[in-house]
Amino acid sequence: MTRAAQAIGRRAAGRNPPLPPLLFFTDPARTPDIEAAARRLPRGSAIVYRAFGAPDAEARARRLAQIAAKRGLVLLIGADAGLAARVGAGGVHLPERMAARARRLKRPGWIVTAAAHSLSAARRGLAAGADAVVVSAIFPSNSPSAGAPIGPLRLARLVRAAGGPIYALGGINDKTARRLLPAGLVGLAAVEAIRT
């Protein structure tokens, strides 16, 4: 999967702000050792830390910020611009319901991404100022919130119609990532494919 993400990233080079070719989305149930997974990421990737109300969210975010700084990664904080600012993160990732806030949350040097589960949601996120949109689910996923997978052909049509940078998330691994190379993506995103 890393090779496919890097190949996609090379094609998408030159964007401003520069966008990582690979996003690692944390999930306490599916990636219990987040720090170990983050240490395995290739340079230039991003960690999307989703705290889900964890009481130790700031301490964990600070540890991830240290790992990111040492390893040449970008740290995005899910749905919490205040936490992102406090720990010196590189930006935020917004759930679809918060995508309209993208432009207001933007700070110099930050990357703001937004989730989308349809073409209309992707267009709204981009129009609201998100630097990129993460579309899911592409393939069958273990996420409890994943909808029906859209598949690589519908994804490619969505990418062409959306009018901006799109990441793919959901069921992406070494085998499925290759099927997305022609889709026109800016990068790939995964949860469980980044194993400790």
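For the reader, a short list of remarks on this structure follows.
- In a simple Cβ point-charge model (Lys, Arg +1; Asp, Glu -1; nothing else charged), the chain has a dipole of about 560 debye relative to its Cα centre.
- Sum of -39500 (n - 2.57) over DSSP H runs of 4+, divided by residues of the chain (222 nm, nearest 500): -9500 deg cm²/dmol
- For Glu58, the shell of other residues with beta-carbons less than 12 Å away shows a net charge of +2, using +1 for Lys and Arg and -1 for Asp and Glu.
- Expressed in Å, the radius of gyration and Dmax of the Cα atoms of region 1-190 are 15.0, 41.
- Simple spin-label estimate for Ala59 and Gln6 gives 3.6 nm between the two label positions (7 Å along the Cα-to-Cβ direction from each Cα).
- Region 52-165: radius of gyration over Cα atoms, expressed as a fraction of 2.2 N^0.38 Å: 1.12
- Fraction of accessible area attributable to carbon and sulfur, the chain (%, probe 1.4 Å): 51
- Label point of Ala69 set 7 angstrom out along Cα-Cβ; within region 75-95, amide nitrogens under 13 Å from it belong to 75, 86-90.
- Note that the chain presents 47 Å² accessible area per residue, ligands and nucleic acids not counted, probe 1.4 Å.
- Ranked by the mean number of other Cβ atoms within 10 Å of their residues, highest first, the peptides 47-60, 107-120 fall in the order 107-120, 47-60.
- Residue ranking by accessible heavy-atom surface, 1.4 Å probe, largest first, among Lys175, Lys70, Lys106 comes out as Lys70, Lys175, Lys106.
- Accessible surface for Glu96 stands near 70 Å², nearest 10, in the context of the full protein assembly shown (1.4 Å probe).
The values are calculated or read from the model by the stated rules, or taken from the named source; none is laboratory data. Computed from a prediction, not measured in an experiment: that's the story for all the values here. Cβ sites come from the backbone with ideal geometry, for glycine too, and all protein chains shown count toward neighbours. The area values use the complete protein model at the heavy-atom level, side chains included, leaving out ligands, DNA and RNA. Shrake-Rupley method; radii C 1.70, N 1.55, O 1.52, S 1.80 Å.
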